[in-house]
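Here the structure comes first, spelled out in structure tokens, and everything after it is commentary.
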């Protein structure tokens, strides 16, 4: 059910990209990517991670108390961001980032919209209202895309304002929709919740360990946008942002929808002996869906970007080749990282997050000091692969999945992928670009069909 909404969001986002890349410049996309990176980092701090505990209490009154505590913290931090935006704007302007500085006052509202939407999603998830969550995901994507297209067309041609306005409008539409649905849903238990102070103490592991780990994970994924802007310029960031989007949006939507359900099911399975089987099944499905499209993009990257988005975006295709393996592993590890919360192993979460942050930040800073964006992104991709492999290994070990069981699906899907990739590679010089691209797209459902057939035989 959640994947249906994610699929609609993915189709809308992807169909709009060739139009958006012709309506907006790489510089405008660079400003958007920097704004979203800052908003995403603040979003991690939004409730001090108390929202991660919302699905754990069996008692409805305790869960409502956690929700109230999270809302109070979110409102306070949103107001603090708004108050700090003026001095921050002056500092950024002096640093030569005037285009981004103009948008700092909107970070507080963005945090409120994103955090409020996340709390509503978790509360609906607690009630297993997956149909509503699916509809909200699709609505957010549709609103974002519509606003951006409308703002990019003449006579508006709004530039970065159109892109950021679409981002804010999409989150607002989803929050309003979730709020409307929650008002129509029975409230459950009427017992008074425990005091916010008592709940803050009871779930203190989340701000003490989960928050630093989540912040470091977010920095590992979002700091590249800010460092690229600091070392290079908005144009390089725009190219990187499109490469990152083409890979992370489909992988993130599938992984996010899977992670939501996995969190609920893993919280139930931790009391029995089914956690290892559940974890392996989710890991295998994510690998099955993600491996071939990522390898295909690595094969066709620059030419594919130039054909779909326009010749000026050829560079973004090169960037995509270098970061693709990293983002595939991140998509595998991210949904499974809920195991740290379910098993209350926040210290392990923090340790792997520190490793990811140090590896990726060191790679980017080293590449940035060398003055070449290509070197910086190649080093980032290698560091990301190493860090995510370690994180994924720890997660599978905690769930009780053996190394042999973890490697078996990698070999299986690689054997399915390689013949198709070889055929596409050999046929490239004999076909027109449009025909070759069409053949590549047709190979994706063929690969998925072969993967399903192999799964059924293995079962």
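Short version: what are the Cα gyration tensor semi-axes of the range 28-128, square root of 5 times each eigenvalue, largest first, in whole Å?
The equivalent ellipsoid of the range 28-128 has semi-axes of 32, 13, 8 Å.
Taking 0.36 nm per intervening residue step and subtracting the Cα-Cα distance, what contour gain separates residue 372 from residue 434 on full extension?
Extending this stretch completely gives an extra 19.1 nm.
Counting only the backbone N, which residues of the range 60-103 are under 11 Å from the spot 7 Å out from the Cα of residue 198 toward its beta-carbon?
Hits in the range 60-103 for residue 198 at 11 Å: 62.
Would you compute the Debye intensity of the chain from its alpha-carbon atoms alone, equal scatterers and no solvent, and pass along log10 I(q)/I(0) at q = 0.06, 0.07, 0.11 Å⁻¹ to two decimals?
The Debye formula, applied to the Cα set alone, gives -0.26, -0.35, -0.93.
Output the peptides 53-59, 88-94, 350-356, 331-337 sorted from most to least packed, where packing is the average of other Cβ atoms within 10 Å over each peptide's residues.
Highest mean packing first, the order is 331-337, 350-356, 53-59, 88-94.
Could you work out the equivalent-ellipsoid semi-axes for the range 141-281, taking the square root of 5 times each eigenvalue of the Cα gyration tensor, largest first, in whole Å?
Whole-Å semi-axes of the equivalent ellipsoid: 35, 23, 18.
Using all alpha carbons of the range 258-374, what is the percent of pairwise distances in each 10 Å bin, ordered from the shortest bin to the longest?
12, 30, 31, 20, 8, 1
Which whole number in µm²/s is D for the range 155-219 by Stokes-Einstein, with the Kirkwood Rh taken over Cα pairs at 37 °C and 0.692 mPa s?
Approximately 201 µm²/s, per Stokes-Einstein.
When only Cα pairs under 8 Å and 6 or more residues apart are kept, what is the percent relative contact order across the range 293-422?
25 percent
Averaging sequence separations of C-alpha pairs under 8 Å and six or more residues apart, then dividing by the length of the range 1-203, give the relative contact order as a whole percent.
It rounds to 33 percent for the range 1-203.
For the range 58-102, take every pair of Cα atoms, bin their distances at 10 Å starting from 0, and report each bin as a whole percent.
The distribution over the range 58-102 is 25, 27, 21, 15, 10, 1, given as percents.
Say each of residue 453 and residue 402 gets a label point 7 Å from the Cα, pointing the same way as Cα to Cβ; how far apart are those two points in nm?
2.9 nm
Please give the contour-minus-distance gain from residue 93 to residue 277: 0.36 nm per residue of separation, less the Cα-Cα distance, rounded to one decimal in nm.
60.9 nm
If the convex hull of the alpha-carbon atoms of the range 1-203 is projected onto planes in all directions, what is the mean projected area in square nanometres?
Taking the Cα atoms of the range 1-203, their convex hull projects to 12.6 nm² on average.
Take every Cα-Cα pair in the range 206-459 and report what % of them are more than 22 Å apart.
I get 58 percent for the Cα pairs in the range 206-459 exceeding 22 Å.
Got the relative contact order for the chain handy, in percent, Cα pairs under 8 Å and 6 or more residues apart?
Worked out over the chain, it gives 19 percent.
Would you calculate, for the chain, the mean residue ellipticity at 222 nm contributed by helices, counting each DSSP H stretch of 4 or more residues as -39,500 (n - 2.57) and dividing by all residues, to the nearest 500?
Computed ellipticity for the chain at 222 nm equals -29000 deg cm²/dmol.
Any chance you could run the full-extension gain for residue 161 through residue 344? It's 0.36 nm times the residue separation minus the Cα-Cα distance, nm to one decimal.
61.7 nm
Values quoted throughout were computed directly from the atomic coordinates according to the rules given, and no laboratory measurement underlies them. Note that the structure is a prediction, hence the values are computed from the model and not measured. Counting neighbours? That spans all protein chains shown, and the Cβs are built from the backbone with ideal geometry, glycine included.
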